[in-house]
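Participant: My questions all concern the structure below.
The values are calculated or read from the model by the stated rules, or taken from the named source; none is laboratory data. The model shown is predicted, which means the values in this text are computed figures rather than measured ones. When we count neighbours, we look across all protein chains shown, and the Cβ atoms used for this are built from the backbone with ideal geometry, even at glycine.
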Amino acid sequence: MSNISDFNIAVMPGDGIGAEITEPCLRLLERAAARTGGLAFRFNTLEGGAGYYRDHGVSMPAETRTGAAEADAILLAAMGLPDVRQPDGREVGPQLELRFEYGLYAGVRPVKPVPGVRPILADPKAHEIDYVIVRESTEGLFAPWCPGEIIEDREARETMALTRDTSEKLYDFCFALARQRQSAGVGQNKVTHVDKANVFAAFKWQRDIFYERAAQNTDVTADHAYIDAFAMHMVQKPWSIDVAVTENQFGDILSDLGAALMGGLGYAPSADIGDAHAVFQPCHGTAPDIAGKGLANPTAMVLSAAMMLDWLAEKHGSSETAQAGGLIRRAVEAAFKDGTLITCELGGSAGTSAVYDAVNAQIDRLDP
């Protein structure tokens, strides 16, 4: 294990635009560390992804699994290519394998627009959006021990699997997150369970577990909402949400809706967190249509790295790491604040280098 100022980071660029957004992200991490002082990173770049699967028949080599397991944190860019498939037709997704292998049950998806990025909602309260969707990331319809079944080409079945052990850990994580947000001066110290308990017995059972854990966390408000109504609330009154926790597939859908409220997937960071390990990656895919053109927006990758620093700070009690994470986040906000830095997905011309230059300039300008 590293000491509190020297961290071993497993870096997985993956496919498509992955390498293009990884390189500026690592430079910004190093620059923030230098500004903060007393902080160092050892980046260990690891192979893996759909391209690796195409060339070698496996999604990642044994060295990657070993390197990821030994790291203090895993920083992953993007993996998957639309024309590279497994024999059953599914995409190659090593990021899912890492979630299952390391028990990364808490998929943390912040929804907080970057100031100056064109808002999707016209409501003047859009700038108040600041909530977190926590997606259970190892079970539900993605549970690896419940593969789908095709019956003689006339019927298809998928099984949703939920466990008490993971549900309890997930809910305790969410109550702690709401508490932490309140301490930081954001949110309403509230956790909302999002489900379809009026139709599915499994969700009713899981909601009961949620309220069992709520009874152990009475300082945090607990409520619930049906998935369809909650999706509507995300558009009509997203400022009323604090921490929302939901099943894997529901969370997959809702987190992309949340990304849209931020201006698109290029601005949406994420983390998948377990008891011992964590992976930090942008919510977007590999975007092979723009790979190699210098157009990729690295903002989500950079904000994911800031989330990584926050997690390392909490895990290791490192004030320098927390300071560096805050500096990166403030630098991103300052870079976009005046509205002149417009990335390609929003109709602008700012590509990877322009975003890097703007954020880097702010890191130099801001007080650590």
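Participant: Quick check on segment 31-42. Is at least one of its residues without any contact (Cβ under 8 Å) to a residue 24 or more places away in the chain and not acidic (Asp, Glu)? Step through it out loud before you land on a result.
Facilitator: First pass over segment 31-42, keeping only residues without any contact (Cβ under 8 Å) to a residue 24 or more places away in the chain: 34.
With the extra rule that they be not acidic (Asp, Glu), the set shrinks to 34.
The answer is yes, given that some residue of segment 31-42 is without any contact (Cβ under 8 Å) to a residue 24 or more places away in the chain and not acidic (Asp, Glu).
Participant: So, of the residues in segment 350-368 that are at pLDDT 95 or above and assigned to a loop (DSSP other than H, G, I, E, B), which turns out to be farthest from Ala296 (Cα to Cα)?
Facilitator: So, considering only residues that are at pLDDT 95 or above and assigned to a loop (DSSP other than H, G, I, E, B), the one farthest from Ala296 (Cα to Cα) is Leu366.
Participant: Does Val111 meet the test of being assigned by TED's automatic domain parsing to the domain that holds Asp252 and buried (at least 21 other Cβ atoms within 10 Å of the Cβ)?
Facilitator: Here the answer is no, as Val111 does not meet what is asked.
Participant: What is the one condition in (1) under 18 Å from Thr22 (Cβ atoms); (2) not in a helix (DSSP H, G or I) that Thr340 does not satisfy?
Facilitator: (1)
Participant: Among helices (runs of 4 or more DSSP H) lying entirely in segment 220-320, which contain 1 or more residues that are touching a residue at least 40 places away in the same chain (Cβ under 8 Å), under 30 Å from Asn198 (Cα atoms) and within 14 Å of the chain's Cα centre (by Cα)?
Facilitator: 248-261
Participant: Could you check segment 119-145 and list, in sequence order, the residues that are over 17 Å from Met234 (Cα atoms) and exposed (fewer than 15 other Cβ atoms within 10 Å of the Cβ)?
Facilitator: Listed by number, the residues that qualify are Pro144, Trp145.
Participant: Okay, next question. Can you name the condition, by its number, that Ser318 falls short on among (1) at pLDDT 95 or above; (2) buried (at least 19 other Cβ atoms within 10 Å of the Cβ)?
Facilitator: (1) is the only condition that Ser318 fails.
Participant: Anything in segment 1-12 that is in contact with a strand residue (DSSP E or B) (Cβ under 7 Å, 6 or more places away or on another chain), more than 19 Å from Ile363 (Cβ to Cβ) and either modelled with pLDDT under 95 or in a helix (DSSP H, G or I) (or both)? List them, or say none.
Facilitator: Ser2, Asp6, listed by residue number.
Participant: Would you pick out the residues in segment 237-274 that are under 22 Å from Ala287 (Cβ atoms) and β-branched (Val, Ile, Thr)?
Facilitator: Ile253
Participant: If you don't mind, there's one more thing I want to ask. In segment 251-264, what residues are of a type in the set (A, V, I, L, M, F, W, C) and surrounded by fewer than 19 Cβ atoms within 10 Å (Cβ to Cβ)?
Facilitator: Passing the criteria: Ile253, Leu257, Ala260.
Participant: Another question about this same structure. Is it true that some residue in segment 87-96 is touching a residue at least 60 places away in the same chain (Cβ under 8 Å) and of a type in the set (Val, Ile, Thr)?
Facilitator: no
Participant: For residues that are in contact (Cβ under 8 Å) with a residue 12 or more places away in the chain and part of a loop (DSSP other than H, G, I, E, B), scanning just segment 146-176, find the one that is surrounded by the most Cβ atoms within 10 Å (Cβ to Cβ).
Facilitator: Among them, the one singled out is Leu162.
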